[in-house]
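Asker: Handing you this structure, nothing more for now.
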Amino acid sequence: MKITLSTSDFGCFLIQAEDGRDILIQSDWEFPGLASTFGWVHAGGSAISEARDFLDEHIGDSVEDPGYFE
């Protein structure tokens, strides 16, 4: 199943499944893992801010669900 990245209020992100379910990602500690799901590779520096920037640039992208909706 594909998941799609979208934004939510207050700087949070949503993962939306094809079947209509969604998950709110609101903790910035989760941003690096979420960004990795969508193809980000951490290269040093501030992981959280780099991950947030990556996610902001990839709103609307879809990937295979690695297990968020199992």
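Asker: Residues that are touching an Asp or Glu at 6+ places or on another chain (Cβ under 9 Å) and under 17 Å from Glu64 (Cβ atoms): does region 39-46 have at least one?
Answerer: yes
Asker: Right, next: Working only within region 48-69, note down all residues that are surrounded by 15 or more Cβ atoms within 10 Å (Cβ to Cβ), out of contact with any strand residue (DSSP E or B) (no Cβ under 8 Å at 6 or more places or on another chain) and farther than 14 Å from Cys12 by Cα.
Answerer: If the condition is that a residue be surrounded by 15 or more Cβ atoms within 10 Å (Cβ to Cβ), out of contact with any strand residue (DSSP E or B) (no Cβ under 8 Å at 6 or more places or on another chain) and farther than 14 Å from Cys12 by Cα, then Glu50 is the only one that fits.
Asker: Any residue in region 30-44 that is touching a residue at least 24 places away in the same chain (Cβ under 8 Å) and part of a loop (DSSP other than H, G, I, E, B) sitting within a Cβ distance under 9 Å of a residue that is surrounded by 13 or more Cβ atoms within 10 Å (Cβ to Cβ) and of a type in the set (Phe, Trp, Tyr)? List the pairs, counting only those 6 or more apart or interchain.
Answerer: Sorted first by the residue in region 30-44, then by its partner, the pairs are Phe38/Phe54; Gly39/Phe54.
Asker: Kindly indicate whether Gly39 is in contact with a helix residue (DSSP H, G or I) (Cβ under 9 Å, 6 or more places away or on another chain), modelled with pLDDT of 95 or more and loosely packed, with under 13 Cβ neighbours inside 10 Å. I'd like the intermediate steps shown before the answer.
Answerer: Working: in contact with a helix residue (DSSP H, G or I) (Cβ under 9 Å, 6 or more places away or on another chain): yes; modelled with pLDDT of 95 or more: yes; loosely packed, with under 13 Cβ neighbours inside 10 Å: yes.
So Gly39 passes the test.
Asker: Something else about it: Mind listing whichever residues of region 6-29 are part of a helix (DSSP H, G or I) and surrounded by 13 or more Cβ atoms within 10 Å (Cβ to Cβ)?
Answerer: Selection gives Asp28 alone.
Asker: Anything in region 49-70 that is modelled with pLDDT under 95 and aliphatic (A, V, I, L, M)? List them, or say none.
Answerer: Across region 49-70, there are no qualifying residues.
Asker: For region 50-63, indicate whether the set of residues that are on the phi < 0 side of the Ramachandran plot, more than 11 Å from the chain's Cα centre (by Cα) and outside any helix (DSSP H, G or I) is non-empty.
Answerer: no
The values are calculated or read from the model by the stated rules, or taken from the named source; none is laboratory data. Just so it is clear, the model here is predicted, and its values are computed rather than measured. With ideal geometry, Cβ positions are generated from the backbone for all residues, glycine too; neighbour counts draw on all protein chains shown.
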